[in-house]
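Student: Take a look at the following structure, please.
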Amino acid sequence: MLKGKNIVLGVSGGIAAYKACELTSRLKKLNANVDVIMTKSAAEFVTPLTFQSLSLNQVVTDMFDKPKYWEIEHISLAKKADIVVIAPATANVIGKLANGIADDMLTTTVMASKAIKLIAPAMNTNMYENPVVQKNIETLKQLGYVFVEPGEGRLACGDIGKGKLAEPEVIELAIKELLLPVRDLEGKTVLVTAGPTVEHLDPVRFITNHSTGKMGFAVAERAARRGAKVVLIAGPTNLTAPQGVERVDVQSALEMKEAVMLHMKEADIIIKSAAVADYRPAEISSEKIKKSEEELTIKLEKNPDILFELGKVKGDRVLIGFAMETQNLIENAKAKVQKKNLDFIVANDLRTEGAGFAGDTNVVKIIDRQGSIEEVPLMKKSELADIVLDRALSVCNR
Ligand code: PMT
């Protein structure tokens, strides 16, 4: 599958270095050529001989090793690489790359290479969450580096949290996607809404919900990776827009409606994963509402149902809704498919573990116009995004 592909695998110093051995062996089984570069500290955890035996190539550990090729080694590997993968990537290596420091074979090779760069971080949770590390990751993302998120769980140091190196099969999948990208959405425009809306009451307070935007951003990211032109209309979130996506920021349901109606004209597929407030305060006070009476009544008025409006003018477009329910999931979701004239709806239940707001996973039922139901088990939001896009594409091609 990866025959003829040159993968430079950088291994930096952490206990997760042992997982890079399995990654090497998996990539070799796919017939890739793997050249391993180890930092000095990585070589304290796993011997270069292990990687040499698995990759069937010389392993480079230091800039001043005796040259094994006539060319300057870091330049030759940098030029030869189709992809440079760093797994595990320590906070130190990430920091160096984000700040232009090239003081060993691994960092010089990365900086001298124009190949795709894939980084799989692994470190203690507190280090991973440290704002400096997060800023460095953000800097690299902006520069086009692709990241495989670390997993959560018990770390080697005993702490529980995020920071475990992603499993070798997950990194392998990311490599395959980058080297052999599926571009089945090329030529299509996908409009995605994500996140909550915020309905202001006064300059200090607002009504909102728990949506973080993760579901919609995952859809936007996968659609862009699969070659679509993507417009992402997002309520307030902390997330960074995926690469190559046109992002439109909005606050309220009214603003979201305006942006959606403007961009829907060019869309082939519309996916409404945003959690839109059904009501907004009837009046927005220009000053902070003062505490006086024992009770305060806030009058709310109905927001437009954006999806319902889209359903009226959808034409040939594929129109997909999401439904968030706490009871009668199927019944309520089926009613929404008909009422809003959808091709299908992705229904999640707040009471199901791993489903809905904020987490990285979801558990859903996909219900179409005919009422047939596909049960989608617990999986990452990015995986679900692909399933939703597969179905959208099959409706497009019908
Ligand atoms: O963002 P995350 O933290 O990752 O969480 C993901 C999610 C839970 C927000 C997502 O999976 C989800 O379920 N989104 C839809 C939430 C919702 O508003 O459901 P609903 O059943 O109230 O609305 C049904 C559909 O109508 C939705 O597509 C919604 O975008 C749309 N709608 C609703 C009200 C309104 N005024 N206008 C709309 O367009």
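Student: If I ask for residues that are modelled with pLDDT of 95 or more, loosely packed, with under 12 Cβ neighbours inside 10 Å and among the aliphatic types (A, V, I, L, M), which ones from the range 264-302 would you list?
Tutor: Of everything in the range 264-302, just one residue is modelled with pLDDT of 95 or more, loosely packed, with under 12 Cβ neighbours inside 10 Å and among the aliphatic types (A, V, I, L, M), namely ALA282.
Student: Select from the range 327-373 the residues that are within 21 Å of the chain's Cα centre (by Cα) and of a type in the set (Phe, Trp, Tyr) and list them in ascending order.
Tutor: Listed by number, the list holds a single entry, PHE357.
For every residue, the table says whether it meets (1) crowded, with 19+ Cβ neighbours inside 10 Å; (2) in contact with a Lys or Arg (Cβ under 7 Å, 6 or more places away or on another chain).
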site: LYS176; (1), (2): no, no
site: VAL182; (1), (2): no, yes
site: ASN209; (1), (2): no, no
site: ARG225; (1), (2): yes, no
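Student: Right, here's the next one. Keeping to the range 213-256, report how many residues are in contact with a His (Cβ under 9 Å, 6 or more places away or on another chain) and within 11 Å of the ligand (Cβ to nearest atom). Walk me through how you get there before you give the answer.
Tutor: Going residue by residue through the range 213-256, those that are in contact with a His (Cβ under 9 Å, 6 or more places away or on another chain) are 231, 233, 246, 248, 251-252.
Next, from what is left, pick out any that are within 11 Å of the ligand (Cβ to nearest atom): 233, 252.
Of the residues in the range 213-256, 2 are in contact with a His (Cβ under 9 Å, 6 or more places away or on another chain) and within 11 Å of the ligand (Cβ to nearest atom).
Student: May I pose another question? Which numbered condition trips up VAL219, out of (1) over 29 Å from MET379 (Cβ atoms); (2) in contact (Cβ under 8 Å) with a residue 40 or more places away in the chain; (3) not in a loop (DSSP other than H, G, I, E, B)?
Tutor: Result: VAL219 fails condition (1) only.
Student: Kindly provide the set of residues from the range 344-379 that are under 22 Å from ARG317 (Cα atoms) and surrounded by 22 or more Cβ atoms within 10 Å (Cβ to Cβ), ordered by number.
Tutor: Correct list: PHE344, ILE345, VAL346, ALA347, ILE367.
Student: Only one of (1) more than 18 Å from VAL11 (Cβ to Cβ); (2) out of contact with any Gly (no Cβ under 8 Å at 6 or more places or on another chain); (3) in contact (Cβ under 8 Å) with a residue 24 or more places away in the chain fails for MET105. Which number is that?
Tutor: Failed condition: (1).
Student: Given the structure, is THR189 of a type in the set (Val, Ile, Thr), buried (at least 19 other Cβ atoms within 10 Å of the Cβ) and more than 16 Å from the chain's Cα centre (by Cα)? Walk me through it before giving the result.
Tutor: Working: of a type in the set (Val, Ile, Thr): yes; buried (at least 19 other Cβ atoms within 10 Å of the Cβ): yes; more than 16 Å from the chain's Cα centre (by Cα): yes.
For THR189, the condition - of a type in the set (Val, Ile, Thr), buried (at least 19 other Cβ atoms within 10 Å of the Cβ) and more than 16 Å from the chain's Cα centre (by Cα) - is met.
Student: Testing GLY235 on (1) at pLDDT below 95; (2) touching a Gly at 6+ places or on another chain (Cβ under 7 Å), one condition comes back false. Which one is that?
Tutor: (1)
Student: Kindly indicate which of LYS80, LYS96, LYS117, LYS141 is more than 21 Å from the chain's Cα centre (by Cα) and in contact (Cβ under 8 Å) with a residue 24 or more places away in the chain.
Tutor: Working: LYS96 fails: in contact (Cβ under 8 Å) with a residue 24 or more places away in the chain; LYS117 fails: more than 21 Å from the chain's Cα centre (by Cα); LYS141 fails: more than 21 Å from the chain's Cα centre (by Cα).
Just one listed residue meets the conditions, LYS80.
The values are calculated or read from the model by the stated rules, or taken from the named source; none is laboratory data. Source: prediction; values computed, not measured. Note that we place each Cβ from the backbone using ideal geometry, even for glycine, and neighbour counts take in every protein chain shown.
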